[in-house]
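Below is one structure, written out as structure tokens, with a few remarks after it.
The values are calculated or read from the model by the stated rules, or taken from the named source; none is laboratory data. Keep in mind that this is a model prediction, so the values were computed, not measured. Quick reminder, even Gly has a Cβ in these numbers, built from the backbone with ideal geometry, and neighbours come from all protein chains shown.
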């Protein structure tokens with residue numbers, strides 16, 4: 001069956017979940033990578049450079065991840081970042097600290113922030129509305145913030161429907177929503193690793209409501225912990241089905257679980273082989289999502305370069321600050337010149353972008 005699936009990819013019909021599972025049995029990684037690269041080229045044909053040579057375009061953005069709090073009541077087994085209320089390392093950043101971080105990013109040429117935190121048990125909706133308004137009053141930046149688990153938490157804490165929460169956050173200054181908290185969209189999996197977090201359907205419904213309100217979002221997948229290949233494909237299928245319905249996802253970002261300092265520290269991290277295979281399958285399977293982002297933050301520059309030949313067309317942000325993956329003892333950093341050089345060394349053209357994947361000169 002595997003060979004038949006590999007041949008089917010070349011003729012463009014949509015893969016079924018069974019065929020997606022079969023791809024995880026492929027051991028010819030280079031062949032799978034070439035097929036994913038062909039799929040990428042359908043979305044992003046090579047562009048001629050100044051010398052007239054056609055090269056793939058790889059996008060990136062200059063941004064900053066700001067975790068406004070690490071206080072969280074979810075207790076996910078895969079998370080090394082969160083702290084329980086009252087923990088000596090628990091924090092909630094001040095507005096001054098937040099504004100200083102944003103100002104530093106703006107000076108460095110940044111265009112947007114990723115604003116995320118834990119599921120804080122005491123902060124009501126007016127706190128977030130006031131925070132968004134204060135940022136927008138001082139800075140002309142794009143706010144990409146509050147993942148679906150946070151929004152579901154806000155909904156429960158404030159006894160308001162999810163759509164109402166999103167509408168109020170949008171009015172206050174929220175521009176787009178990140179795809180964090182998806183992990184694997186399987187409720188049996190979520191019960192094993194994150195029972196205090198939203199269900200898979202609740203995650204999808206946040207994105208559905210946001211899309212219908214005109215917002216754009218990303219989607220993610222954290223793989224390499226306790227899930228099966230079938231659950232990975234089921235995750236991709238749910239993302240693809242919602243994209244068929246709403247067309248609201250701008251990008252998909254698969255990233256491997258980092259076990260250090262977590263309750264699942266006994267697990268081995270996903271290998272580079274598994275990462276590239278999963279990335280390639282994501283590009284092939286998600287035939288309606290235009291952008292696939294390589295996770296250099298978890299994989300480093302070398303694997304990120306290879307990922308550009310395995311279906312990825314975007315390297316995400318320079319991420320002046322990143323705390324969640326760092327808490328699991330994984331810390332890679334790149335400046336804008338470094339990320340541009342990495343792209344060029346891979347034989348591609350670097351292109352700075354905004355959160356909507358529009359070109360920034």
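In the range 13-27, the residue that is farthest from the chain's Cα centre (by Cα) out of those that are closer than 20 Å to residue 238 by Cα and part of a loop (DSSP other than H, G, I, E, B) is 13. In the range 100-114, is there at least one residue being within 25 Å of residue 339 (Cβ to Cβ), in contact (Cβ under 8 Å) with a residue 40 or more places away in the chain, assigned to a strand (DSSP E or B) and in contact with a helix residue (DSSP H, G or I) (Cβ under 8 Å, 6 or more places away or on another chain)? Yes - at least one qualifying residue is present in the range 100-114.
Please go through the range 115-130 and give me each residue that is free of Cβ contacts under 8 Å to residues at least 60 places away in the same chain and either more than 27 Å from residue 200 (Cα to Cα) or part of a strand (DSSP E or B) (or both), ordered by number. Can you show your working first?
Residues of the range 115-130 free of Cβ contacts under 8 Å to residues at least 60 places away in the same chain: 115, 117-118, 120-130.
Correct list: 115, 130.
Scanning the range 272-292 turns up no residue that is within 27 Å of residue 83 (Cβ to Cβ) and touching a helix residue (DSSP H, G or I) at 6+ places or on another chain (Cβ under 8 Å). Evaluating residue 133 against the criteria (1) assigned to a loop (DSSP other than H, G, I, E, B); (2) more than 25 Å from residue 251 (Cα to Cα) leaves one unmet condition, (1).
Output the residue which, of all residues in the range 283-295 that are outside any loop (DSSP other than H, G, I, E, B) and out of contact with any strand residue (DSSP E or B) (no Cβ under 6 Å at 6 or more places or on another chain), is surrounded by the fewest Cβ atoms within 10 Å (Cβ to Cβ). Step by step, filter the range 283-295, then rank; the result is 284. Right, residue 190: part of a helix (DSSP H, G or I) and closer than 17 Å to residue 225 by Cα or not? Taking the combined requirement at face value, the residue satisfies it.
Conditions tested, residue by residue: (1) surrounded by 15 or more Cβ atoms within 10 Å (Cβ to Cβ); (2) under 28 Å from residue 111 (Cβ atoms); (3) modelled with pLDDT of 95 or more.
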{"site": "11", "(1), (2), (3)": "no, no, no"}
{"site": "17", "(1), (2), (3)": "no, no, yes"}
{"site": "28", "(1), (2), (3)": "no, no, no"}
{"site": "48", "(1), (2), (3)": "no, yes, no"}
{"site": "52", "(1), (2), (3)": "no, no, no"}
{"site": "59", "(1), (2), (3)": "yes, yes, yes"}
{"site": "76", "(1), (2), (3)": "yes, no, no"}
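With respect to residue 44, determine if the residue is at pLDDT 90 or above and either surrounded by 14 or more Cβ atoms within 10 Å (Cβ to Cβ) or more than 29 Å from residue 199 (Cα to Cα) (or both). Walk me through how you get there before you give the answer.
Working: at pLDDT 90 or above: yes; either surrounded by 14 or more Cβ atoms within 10 Å (Cβ to Cβ) or more than 29 Å from residue 199 (Cα to Cα) (or both): yes.
Spelling it out, residue 44 is indeed at pLDDT 90 or above and either surrounded by 14 or more Cβ atoms within 10 Å (Cβ to Cβ) or more than 29 Å from residue 199 (Cα to Cα) (or both).
Residues of the range 45-67 being assigned to a loop (DSSP other than H, G, I, E, B) and touching a strand residue (DSSP E or B) at 6+ places or on another chain (Cβ under 6 Å), which ones?
Residues of the range 45-67 that are assigned to a loop (DSSP other than H, G, I, E, B), as a first pass: 45-46, 49-53, 56, 62.
The answer is 46, 49.
In the range 242-250 there is at least one residue that is surrounded by fewer than 19 Cβ atoms within 10 Å (Cβ to Cβ), over 22 Å from residue 261 (Cα atoms) and touching a helix residue (DSSP H, G or I) at 6+ places or on another chain (Cβ under 6 Å).
Scanning the range 79-90 for residues that are surrounded by 15 or more Cβ atoms within 10 Å (Cβ to Cβ) and in contact with a strand residue (DSSP E or B) (Cβ under 7 Å, 6 or more places away or on another chain) yields 83, 90.
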